[in-house]
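Please read the structure below before turning to the comments.
Bear in mind these aren't lab numbers, they're just calculated from the coordinates by the rules spelled out. Note that the structure is predicted; figures quoted are calculated from it, not measured. Counting neighbours? That spans all protein chains shown, and the Cβs are built from the backbone with ideal geometry, glycine included.
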Amino acid sequence: MRGRIVLIAGNSNRPLALQVCSHLGIESCEALVGRFSDGEVRVEIGENVRGKDAYVLQSTCPPVNENLMELLVIMDALKRASARRINCVVPYYGYGRQDQKDKPRVALTAKMVADLLVVAGASRVITIDLHADQIQGFFNIPVDHLYGTEVLLSDLKERLQGNEVIVAPDAGGVERARTFAERLGAYLAILDYRRAEAGPYAQIVGDVRGRRVVILDDMVDTGQTLIRAAEGAVAAGAASVEACAVHALLSGDAVERIESSALQSLTVTDTVPRDEKAARCEKIRTVSVASMLAEVIRRVHYEESVSSLFTRT
């Protein structure tokens, strides 16, 4: 593939980009991605990309606005340098939680970001575990929606004990947890959480007594959702409680909350880089999506099927 494609890394997740390049057997494209003294994003492509397939790897994770603007400016530089195709590899798609107009006078930012990427010159978007599948419909270009849960599934299969129960921490995650449980041959349970006058109510629907509970979610931000589910599982008699999440935002004091919670471990992927505080937390484990992204990029470049990579058996 050397010489036929270029992969440019933004500043949001360079370690992941370098791992992807290593799997592909290519070098990261030489590029200056920095700032002017007033904070404006400055991008200068350092090699010829004319007629090449360009892949820009950039998670729009915190600082979200900085990383999003950086992605757009890199794409514009590639477009003006006559790249043949510009493929956005966005492991974590920021603003994805605002995907529906559920209240009057609210923004639909998931759609707005999709429009920005297309206008900036994207030919294709490759992303992992969108907050809602419907976001794919906001684009009028191809979107390869990958499943980071595949990486979590492979990791958990190596540590199976035979008494697992997969718990969905909310109603929106039931389908994800059901598929995960079916492929592991495990039981499924759901956290029923609601706010009542007497105080918050949290109860596990399903039998977890004496079992190993694994809570599955697409992302962990403040950690409150996972911690509620863990407390509910412990109250229901679970033997142990772990959690898996694809995107580890871990904002605010999330790491401290997880450290002091009933969770024995939290397994995440590297779609979002861990900061020093998260790296020091012994409860947080990381598995990489680099090989999956590299294989998808290879298949896209050679116009092979991507969906067959995720055929669920």
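Projected onto the charge dipole of the chain (+1 at Lys/Arg Cβ, -1 at Asp/Glu Cβ, origin at the Cα centre), which of ALA31, GLY51, ALA114 gives the Cα projection farthest towards the positive end?
Farthest towards the positive end: GLY51.
Counting other Cβ atoms within 10 Å, keep those with at most 16, restrict to DSSP loop, and tell me which GluC sites (Glu not before Pro) in the stretch 185-284 are left.
Here the GluC sites (Glu not before Pro) that fit, given the DSSP loop and packing criteria, are GLU197, GLU282.
Between ALA279 and ASN65, how many nm apart are label points set 7 Å from Cα along the C-beta direction?
Those two pseudo-labels are separated by 2.8 nm.
Could you compute the net charge surrounding VAL119? Neighbours are other residues with a C-beta less than 13 Å from the C-beta of VAL119; K and R count +1, D and E count -1.
0
Could you tell me the calculated FRET efficiency between SER308 and SER265, based on Cβ-Cβ distance and R0 = 30 angstrom, to the nearest 0.05?
Computed FRET efficiency for SER308 and SER265 comes out at 0.40.
Using 0.36 nm per residue, how much length does the chain from ARG159 to PHE36 gain when fully extended, once their Cα-Cα distance is taken away?
Roughly 39.5 nm would be gained on extension.
For the pairs LYS101/LYS283; LYS157/LYS277; LYS157/LYS283, note any where the Cα-Cα span goes beyond 30 Å.
In this structure, LYS101/LYS283 exceed 30 Å between Cα atoms.
Report relative contact order for the stretch 95-235 in percent, whole number only (criteria: Cα-Cα under 8 Å, sequence separation at least 6).
Answer for the stretch 95-235 is 17 percent.
Order the peptides 97-104, 177-184, 7-14, 133-140 from the highest to the lowest mean number of other Cβ atoms within 10 Å of their residues.
Ranking the peptides 97-104, 177-184, 7-14, 133-140 by packing returns 7-14, 177-184, 133-140, 97-104.
Given charges of +1 on the Cβ of Lys and Arg and -1 on the Cβ of Asp and Glu, with all other atoms neutral, how large is the dipole of the stretch 150-287 about its Cα centre, in debye to the nearest 20?
Computed charge dipole of the stretch 150-287: roughly 320 debye.
Counting only C-alpha contacts under 8 Å and six or more residues apart, can you give the relative contact order of the chain as a whole percent?
This gives 14 percent for the chain.
For the residue pair ALA202 and ARG183, what label-to-label distance in nm results when each label sits 7 Å from Cα along the Cα-to-beta-carbon direction?
2.7
Let me check I've understood the local charge: for MET219, count other residues with C-beta under 9 angstrom from its C-beta, Lys and Arg +1, Asp and Glu -1. What total comes out?
My count for the surroundings of MET219 gives -3.
Once you compute Rg and the Kirkwood Rh from C-alpha atoms, what is the Rg to Rh ratio for the chain?
With Rg and the Kirkwood Rh in hand, the quotient comes to 0.99.
Listed highest first by mean packing, meaning other Cβ atoms within 10 Å per residue, what order do 72-80, 20-28 come in?
72-80, 20-28
In the stretch 23-73, which trypsin sites (Lys or Arg not before Pro) are in a loop and have at most 14 other Cβ atoms within 10 Å, using DSSP for the loop call?
Those satisfying the criteria are ARG50.
Relative to the longest principal axis of the chain, what angle (0 to 90°, nearest 10) does the C-alpha long axis of helix 290-301 take?
50
Whole-Hz ³J(HN,Hα) for each residue in the stretch 99-116, computed from phi via Karplus 6.51 cos²θ - 1.76 cosθ + 1.60 with θ = phi - 60°, x for glycine and proline: what do you get?
Calculated HN-Hα couplings, in order: 10, 8, 8, 8, 9, x, 6, 10, 7, 10, 6, 4, 6, 4, 5, 4, 5, 4 Hz.
Report, in cubic angstrom per residue, the convex hull volume of the C-alpha atoms of the stretch 150-287.
Enclosed volume per residue, from the Cα hull, is 103 Å³.
Net charge near CYS281, counting Lys/Arg +1 and Asp/Glu -1 over other residues with Cβ under 11 Å of its Cβ?
Result for the neighbourhood of CYS281: +1.
Once both axes come from the Cα atoms, what is the angle between helix 174-184 and the longest principal axis of the chain, in degrees from 0 to 90, rounded to 10?
80
Say R0 is 25 Å: what FRET efficiency, to the nearest 0.05, do GLU27 and ARG50 get from their beta-carbon distance?
0.90
Between the alpha-carbon centers of the stretch 209-253 and the stretch 54-129, tell me the distance in whole angstrom.
If we compute the Cα centre of each part, the gap is 29 Å.
What does the charge dipole of the chain about its Cα centre add up to, to the nearest 20 debye, if the Cβ of each Lys and Arg holds +1 and the Cβ of each Asp and Glu holds -1?
Charge dipole, the chain, about its Cα centre: 460 debye, nearest 20.
Report for the chain the percent antiparallel among DSSP-assigned beta bridges with both residues inside it, nearest 5.
Around 20 percent of the beta bridges assigned by DSSP in the chain are antiparallel ones.
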